[in-house]
Amino acid sequence: MSIENLRTVVRGGVILPGDADFEQAAQPWNSAVAQSVAAVVEAADAPDLAAVLDYARRAGRAVVTQPTGHGATGDIDGAILVRTKHFDRIDIDPEQRVARVGSGMRWGQVQAAAAAHGLAGLSGSNPVVGVTGYTLGGGFGWFARKYGWASDAVRALEIVDAAGRPQRVTADSDPDLFWALRGGGGDFGIVTGLEFELVALPRLYGGRVMWPADRTRAVFELFTELTTDAPAELSVWLQRYQIPGAAPTVAIDFAYLGDPAEGRQLTRRLDTIGGHIADTRGELSPAEIGKITAEPTDPSPSLSRGELLTDLGDAVVKTLIDAPVAPLLNVQIRGLGGALARQRPNGGARVPVTEPYALYLLGLGLPHLLGAIGDRFEEIIDALGASITGTKPYTFLAPGESAAAAFDPDTLTRLQQIKRTRDPHNVIRANFPVLGRP
């Protein structure tokens with residue numbers, strides 16, 4: 001069955017190999033990842049998605065949805081890649097504190113709309129990350145210690161299922177599917193819209209304080225103190241940087257979800273370490289939360305590795321604090337706990353995280369650096385030993401890893417059973433499918 005047939009059944013754009021804009025259309029946000037897909041479909045509506053799924057089922061192809069291209073693995077050869085940029089609605093209900101958004105929207109757009117009403121969604125740290133993929137994988141960032149997983153805030157999802165049928169999925173309409181979609185990844189339907197709860201947050205207090213690398217030990221000790229007794233409203237991350245051509249640095253990033261005066265008081269210990277070279281602390285709107293870490297908002301090549309840490313003991317200090325950052329760009333440790341460690345009634349597929357810290361390693365994904373960065377990842381993991389658990393958040397998974405690393409065995413088994421029931425032909429594939437690679 002010719003891939004050209006897609007153009008006869010899809011109203012939106014169909015971009016094929018050989019078209020002038022194909023490489024750009026198929027490129028994920030991480031430009032170090034190559035995607036050898038059969039076609040890119042920019043679906044116009046739910047009937048377009050149904051037509052793509054019908055074609056794929058008959059042609060024996062997979063359908064992979066990447067609204068913004070984040071989380072791509074490159075392991076989708078011959079698949080049909082779907083973009084949902086035309087699903088672009090944002091409706092904020094300030095009285096109910098609910099957002100209804102299309103699956104093509106990014107968190108920065110949603111936060112800007114919600115902030116106009118003194119509200120916020122449970123976004124991550126980067127405004128260009130898509131709402132859909134982040135939420136389907138659980139999603140945790142500055143709001144998580146206070147409010148838990150982003151997926152737990154979801155009240156309904158609009159999907160096109162593997163049979164091409166549009167559905168509105170809620171706890172009442174389909175409890176099993178609703179559970180799986182909230183944290184189990186994108187294997188269970190193509191999402192066209194989400195409805196989720198917002199929180200009241202007119203202002204917050206946060207920012208970054210950065211020092212030269214010779215303050216690393218002192219900054220680490222302060223980070224340990226702050227995260228040991230922090231209230232749920234305060235999240236603190238430690239960052240070590242080695243930017244090519246620049247001197248190494250260390251920073252503390254934080255967000256306090258409450259009165260700025262209280263936030264200033266809680267973080268006053270940051271002033272006990274002298275010699276800082278940058279200080280961005282201040283009052284922020286939730287729409288400005290991306291300013292805290294100032295992460296790149298344009299596609300770039302990278303390699304990453306995420307883990308959960310059981311402690312900040314000797315192995316962590318020796319491996320992550322005292323050792324050089326290079327050849328990596330960034331070593332990040334996030335304080336967890338709070339709502340992330342508690343079971344939420346009627347929660348989704350994301351189970352509580354009992355580990356107190358998360359580790360995120362980042363390297364520049366250029367060809368001549370890949371070997372050294374990969375080797376350094378393995379050295380770090382080996383050296384940390386029992387300080388890591390081997391499980392990790394779904395949204396921390398990297399190319400080459402499996403969804404099995406993100407779920408306990410019982411949760412993974414239940415997700416796999418739901419997948420086989422709802423998509424027996426395995427047409428819909430997440431970036432990290434619960435059934436593994438075929």
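Any read-out appearing in this document is the output of simple, stated calculations on the displayed coordinates, not a laboratory observation. All values reported here derive from a predicted model rather than from experimental measurement. Cβ placement follows ideal geometry from the backbone for every residue including glycine, while neighbour counts extend to all protein chains displayed.
Full extension of the chain segment joining ASP93 with ASP259 gains 57.4 nm, where the gain is 0.36 nm per residue of separation less the Cα-Cα distance. With contacts taken as Cα pairs under 8 Å and at least 6 residues apart, segment 204-396 reaches a relative contact order of 27 percent. For the chain, the longest principal axis of the Cα atoms and the long axis of helix 46-59 meet at an angle of about 70 degrees. Shape index of the chain: Rg/Rh, with Rg the Cα radius of gyration and Rh the Kirkwood radius from the inverse mean 1/r over Cα pairs, equals 0.96. Computed from Cα atoms alone, the Kirkwood hydrodynamic radius reported for segment 204-396 is 17.5 Å.
The convex hull of the Cα atoms of segment 326-438, projected and averaged over all directions, covers 9.0 nm². Compactness ratio for segment 90-200: Cα radius of gyration over 2.2 N^0.38 Å (N = residue count) comes to 0.99.
GNM on the chain, alpha-carbon springs under 10 angstrom: the most fluctuating residue among ALA403, ALA34, ALA150 is ALA34.
Here the gap between ASP314 and ASP375, fully extended at 0.36 nm per residue and compared with their Cα-Cα distance, gives a gain of 19.8 nm. Going from the fewest other Cβ atoms within 10 Å to the most, the residues THR395, THR413 appear in the order THR413, THR395. A Gaussian network model of the chain, with springs between Cα atoms under 10 Å, assigns the largest mean-square fluctuation among GLU401, GLU379, GLU288 to GLU379. If you run the Gaussian network model on the chain, springs between alpha carbon atoms under 10 Å, then out of ALA44, ALA20, ALA383 the most flexible one is ALA20.
Our summary gives segment 90-200 a relative contact order of 32 percent, counting only alpha carbon pairs under 8 angstrom and 6 or more residues apart. Label-to-label distance for LEU435 and ARG7 is 3.2 nm, based on points extended 7 Å past Cα in the beta-carbon direction. If you take all other residues with their beta carbon under 15 Å from the beta carbon of VAL351, and give Lys and Arg +1 and Asp and Glu -1, the sum is +2. Distant-in-sequence amide contacts of LEU201, defined by a placed amide H-H separation under 5 Å and a gap of 5 or more residues or a different chain, comprise LEU119, ALA120. Each label point was placed 7 Å from the Cα along the Cα-to-Cβ direction; for THR170 and ALA404 their separation is 3.8 nm. Mind pulling the angle between the C-alpha long axis of helix 216-229 and the longest principal axis of the chain? Nearest 10 degrees, somewhere in 0 to 90. Once rounded, one gets 70 degrees.
In a fully extended conformation the segment linking ASP77 and THR354 would gain 96.1 nm over its present Cα-Cα distance, using 0.36 nm per residue.
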